Every structure is written in C-alpha cells, then in structure tokens.
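Reading through the structure tokens given below for one structure.
The values are calculated or read from the model by the stated rules, or taken from the named source; none is laboratory data. Since the model is a prediction, treat every value here as computed from it, not as a measurement. Cβ atoms come from the backbone with ideal geometry, glycine included; neighbour counts cover every protein chain shown.
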Amino acid sequence: MEFSSYIILGFAMAALFFASAVWALNWAIKNGQMKNLDEGAKSIFDDEEPMGFQTDFFPGQSHRVISKKNKGKATS
Amino acid sequence: MSAFASFFTSLNPYTASDMAVREKLSAIDRSMKWPALLFIVSGVLWLLAGTVFALLTAIKATNPDFFGSYEWLTFGRVRSAHLNAMIYGWSNNAAFAVGLWIMARLCRTEIRHVGLLIIAGIFWNIAITIGIVGILIGDMTSVEWLEMPSYIVPLLALSYALIGVWGIIAFRFRQTGHVYVSQWYILAALFWFPWLYTIAQIMIFYEPARGTVQALTNWWFAHNVLGLWLTPMGLAAAYYFIPKVLGKPIHSYYLSVLGFWTLALFYNWAGVHHLIGGPIPAWAISAGIVASLMMVIPVVITAINHHMTVLGNFRKVFISPTLLFIVFGAVSYTLVSLMGSTMALRSVNEVTHFTHFTVGHAHHGVYAFFTMIMFGSIYFIMPRLLYREWPSSALIKCHFWFCAIGITIMLVALHVGGWIQGMQMNNPDIPFLDTVRATIPWLHMRSVSGMLLAIGHIAFAINFFWMVFARYGREDTEGVPTLLKPETGEGDAS
C-alpha cells in the first residue's frame, strides 16, 4: 500500500477511537451518569469502610491514632 | 454534638445491622485473593529482575566493559530487557491486580471464573519470561517498547484478552447504578490496551506499513501505553484510594468526570510529538503538539482534585503507607504531565530530543507517578486479601524514603544532565565527543540513584514475602489486623 493510504487507514483508526469515546460519553449522559454527582462521589464508601474514617495506617499505629482522636472528641 | 456522634455510629459497621452487606464485601475481596496474589507476586519478582537489568544498564553507560564479555548482557539487550520487564512484567501485573480489584469492589460484584483468570495470568508471565529470554539471546526486534520477539506475541495477546475480559464482565454485572470515575478509567484502559497492542503489532510486524508510517505507529503505541493504559490505571487508583483512605469524598467529583473525558478525547493524538523534526508530514506533528498541549486540561483538573482533597490532611498522609506513596505519585503526575506538554513545543523539543532528558521524563512518568501509586495500592490491598497486617513498619518507611529520594536524584540527574547535553549538542562549536563526556558525571549520579531504588525494592520484597509466607496458616487466630479495624474507639482504645 502507498504511504497516503496508510495515513488514511491510520487516521480512520484514530477517528474510530475518537468516535468510540464520543459514543461512550453519549451513553453515559443518557444513562444519567452525569446526574447526582455528589452521591456518585460517595459511592466508594460502604458500611465496612465508611465516610469520615481513615482506613489505612502504618502497622500497629491505628490504636494510638484512635485514642488520640477520642480524647479530642471527649473534650470538645 | 450528639447528632454528630450518632451519625458516625450509624455508619459504624460494628453497630450497623447490615451483616449481609459486610459479608458480601469480604466475598468480593476473597474472589480476587488468588488472582491478585498471583499478579502481585509475579509483579514483585519482575520488579526485582527489572531492577537488576536497570543497574547493569546504568553501570554499562559509564563503564562499557562491565560484564562486557557476555553477548547476552550487552547494553542494547539489557536495556530492552529492563524496559520490557518493567512495563510488561511489573507494571502490567500490578495494573491487573489493582485494576481488577478496584473494579470488583466498585461494581460490588465478584470477579467471575477466577480459575481462567489465574491460568491466563500464568500464561501471561510465561510469555513475558520467554520474551525477555528472547531479547537476551538476540531475538529482539528493533521497535522500541515492542522488542519482545514476534513468536511470543500471539500468546501475550491471548493471555491479555483472557485477563482483561473479566474486568469488563464484572462491569457488566455491576450491582451499583452509578459508575465511579475509577471504573471509567479502568474500563477504558482495559479496552484501550488491546487496541493499541494489536494495531501496533499488525501495522509494524504482521502487515508492515511502509517507511515512516511504522515510526508513527510505533510512537502512537509507545506513548499511548503510558497515556491510555498505565495512566488511567494509576489515576483510577489515585481517585479511589485518596478519598477512600482519607474517608472524605473527592474535592470536586464533577471535575474528575470532566478530567476523564478530556483525557479520553485528547491523549490518543499526543504520541506524534516523539517525532518532532522527523521525516513525517508536518501536519501530523502539529496535530500531536496541539493534542499534547490540550492535555493540560485533564492534568490541571486532576491536579486540582487530588491536591485539594489532600490539602489540610497532611498528618493523615504521614500515618498511612498507602497515602504516602499515592500522594507522591499524584504530585509526580502533575509535574510529569505539565513537563511533557512543554517538551512537545518545537522550541523546547529542539533541546531535549535525543538526550537523557527524555529518559528522565520516561522514568518520571512510569516510576515517580505510576509505580509509586501501584506501591501505595498494594499496601492497601494486601492486608484485605490476606487478612493480615504488614509485618514491618520500618521496612515500609525504608521502602518509601529510598524510592522517593532515589527517584528524585535520578530525575534531577537526567533532566539537568540532559538539558546541558541538549544545549551542547545544539552548539556547533562543541565537538560531539565532548558532549558525550559531559554526560558522564550525571550518568554516575543515575547509577547511584538506581542503587537507592534497588535498596527500596529489596525492603519492599522482604516485607512482601514475609507477609505472604511467614505467618501462613495463622490467619484469623489473632482476629482482624489493627489496620482493618474500623475506628470504633470502643474496646480497643486504651
């Protein structure tokens, strides 16, 4: 194949890529993914690892942190 | 105040009545246990192998005679072995583990057919092993980022397909209405990587395009492996773990969604900037430069989001291994991307092209950003997979500080050294050999930084395998590890 036909083929693949992104964006909007974004942001939290609590510590450190935090809470 | 307290009590799993939800979540984690372990164990082994290749390469750059009498350890081969071990061995294995685990968790569904996933993972790693051996014995191709010999490509592609598909199927079975931004990134990346890989393989090796179109395809592929595979996986992890560990939603969720879609639309075109000044149509290069600058939009959006979420919580960052690594990675993402956009400008590229600056930039992206985020993610995931704590706090700190300082030294050395090299090469009064000699001190500095990174990796590997093997069979006897205990403040507070 000639250079120009490869360029066109490459451009077609890139355009297809772009089109697939546009299609997915369209789906997302129609599906209501862009509504209620505040709720969406909280979808990573659950009962086991709830909002408002840090969930990762250096090994053995969480006790110290917890007791400090509780002291603060008790006095406030 | 009491309303505030009761609000948190209502979120406390030990007072919540919804046992079914908790059981389901641990079932999801359990479904990923063996595949994630397989991918992370292989990833860590590849990381160590890649580090050895990296040190050999770095030392050979200043002392060419070092192991110079073995033809399978010549510079060209170990350099490519290093690149492929790090990208396909370490990065891909880590991305598989972290990406699929986050996907399963956010979809609130188990990963299906883990048996097939594990078999595919084993074949993926066998294929990489054959590929790296192929590179060392001299079967490598001359195409950067695709050096593994062609005979291993079908196995790689097939194993990838059987790994990636389970992430997509988990998405199909998702139990949640809302698709979180990390899910978008992972889903897109799982589609993008096979697209890039197969098209690059076909247009370069199986049905080779003529002339410079091969170079175009090559750089479209190589840049997009970073931009459309590793970057989305890294950002997905950052968008999940930063708010998750802090226990606070992302600064602006609207911006994060906008960031994803602008990345999806612009990044694909950016790779051409590697060929600035090359013999390809000027319009193609200009399009690449425009796209590279457009990338400033998603980068600034992501930067605002990540940094504003962390702002004011630095104390929490320093008590969490996950955040320590991921915040380092997020800061690096901002820096590396803005520098990348600048490097795409013709006037800047005139200096940085063909110098160590580019090498520094690649390490900035794949190591300081992606790898650091993967380390952080692994620190979060492993205790939840094994129900066991990391054995040593000191080794985690050792890992972080050696890697953080090591990579910083490397980036300074390669960027400063590379810039000087570029200025000298553009000056016709300086003989070429002098420009090469001037890089030697910087290359020594890089070797030293590589040794620091190696120490960090060894600390990580010791801690990791200690965790996996040492207390084997004793899980559950001591109950839940402290770091998994929710902050109830009851029972365990002294």
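Matching residues to (1) under 19 Å from A:PHE57 (Cα atoms); (2) within 14 Å of another protein chain (Cβ to nearest Cβ); (3) modelled with pLDDT under 95; (4) surrounded by fewer than 21 Cβ atoms within 10 Å (Cβ to Cβ):
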position	(1), (2), (3), (4)
B:PHE400	yes, yes, no, no
B:GLY406	no, no, no, no
B:LEU411	no, no, no, no
B:TYR472	no, no, yes, yes
B:GLY479	yes, yes, yes, yes
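In summary, B:LEU265 fulfils each of the numbered conditions (1) within 8 Å of another protein chain (Cβ to nearest Cβ); (2) surrounded by 19 or more Cβ atoms within 10 Å (Cβ to Cβ) with the single exception of condition (2). Does region B:236-259 include one or more residues that are under 21 Å from B:LEU216 (Cβ atoms), in contact (Cβ under 8 Å) with a residue 24 or more places away in the chain, more than 9 Å from chain A (Cβ to nearest Cβ) and of a type outside the set (Phe, Trp, Tyr)? Within region B:236-259, none of the residues are under 21 Å from B:LEU216 (Cβ atoms), in contact (Cβ under 8 Å) with a residue 24 or more places away in the chain, more than 9 Å from chain A (Cβ to nearest Cβ) and of a type outside the set (Phe, Trp, Tyr). With respect to being more than 7 Å from chain B (Cβ to nearest Cβ) and modelled with pLDDT of 75 or more, A:LYS71 falls outside the description.
Results for (1) modelled with pLDDT under 95; (2) in contact with a Phe, Trp or Tyr (Cβ under 8 Å, 6 or more places away or on another chain); (3) surrounded by 23 or more Cβ atoms within 10 Å (Cβ to Cβ); (4) more than 30 Å from B:ALA104 (Cβ to Cβ), shown as yes or no for each residue.
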site: B:PHE325; (1), (2), (3), (4): no, yes, yes, no
site: B:VAL331; (1), (2), (3), (4): no, no, no, no
site: B:VAL348; (1), (2), (3), (4): no, no, no, yes
site: B:HIS356; (1), (2), (3), (4): no, yes, yes, yes
site: B:ALA362; (1), (2), (3), (4): no, no, no, yes
site: B:ALA368; (1), (2), (3), (4): no, yes, yes, no
site: B:PRO383; (1), (2), (3), (4): yes, yes, no, no
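The residues on offer are A:GLY52, A:GLY32, A:GLY60, and the sole one that is at pLDDT 80 or above, at the interface with another protein chain (Cβ under 7 Å from one of its Cβ atoms) and loosely packed, with under 15 Cβ neighbours inside 10 Å is A:GLY52.
Does B:ARG388 satisfy being of a type in the set (Lys, Arg) and more than 14 Å from every other protein chain (Cβ to nearest Cβ)?
Against the criterion (of a type in the set (Lys, Arg) and more than 14 Å from every other protein chain (Cβ to nearest Cβ)), B:ARG388 does not qualify.
The residue list B:SER347, B:SER332 contains one member that is polar (S, T, N, Q) and farther than 15 Å from B:GLY376 by Cα, which is B:SER347.
Take region B:156-198 and flag every residue that is facing chain A (nearest Cβ under 9 Å), out of contact with any Cys (no Cβ under 8 Å at 6 or more places or on another chain) and over 13 Å from B:TRP229 (Cβ atoms). Hits for region B:156-198 are B:GLY177, B:HIS178, B:VAL179, B:TYR180, B:VAL181, B:SER182, B:TRP184.
Please verify whether region A:40-49 includes one or more residues that are more than 7 Å from chain B (Cβ to nearest Cβ), assigned to a loop (DSSP other than H, G, I, E, B) and surrounded by 12 or more Cβ atoms within 10 Å (Cβ to Cβ). Within region A:40-49, one or more residues are more than 7 Å from chain B (Cβ to nearest Cβ), assigned to a loop (DSSP other than H, G, I, E, B) and surrounded by 12 or more Cβ atoms within 10 Å (Cβ to Cβ). Of the helices (runs of 4 or more DSSP H) lying entirely inside region B:1-98, none contains at least 2 residues that are at positive phi and modelled with pLDDT under 80.
Within region A:10-19, the set of residues being surrounded by fewer than 19 Cβ atoms within 10 Å (Cβ to Cβ) and either in contact (Cβ under 8 Å) with a residue 40 or more places away in the chain or facing chain B (nearest Cβ under 8 Å) (or both) comprises A:GLY10, A:MET13, A:ALA14, A:PHE18.
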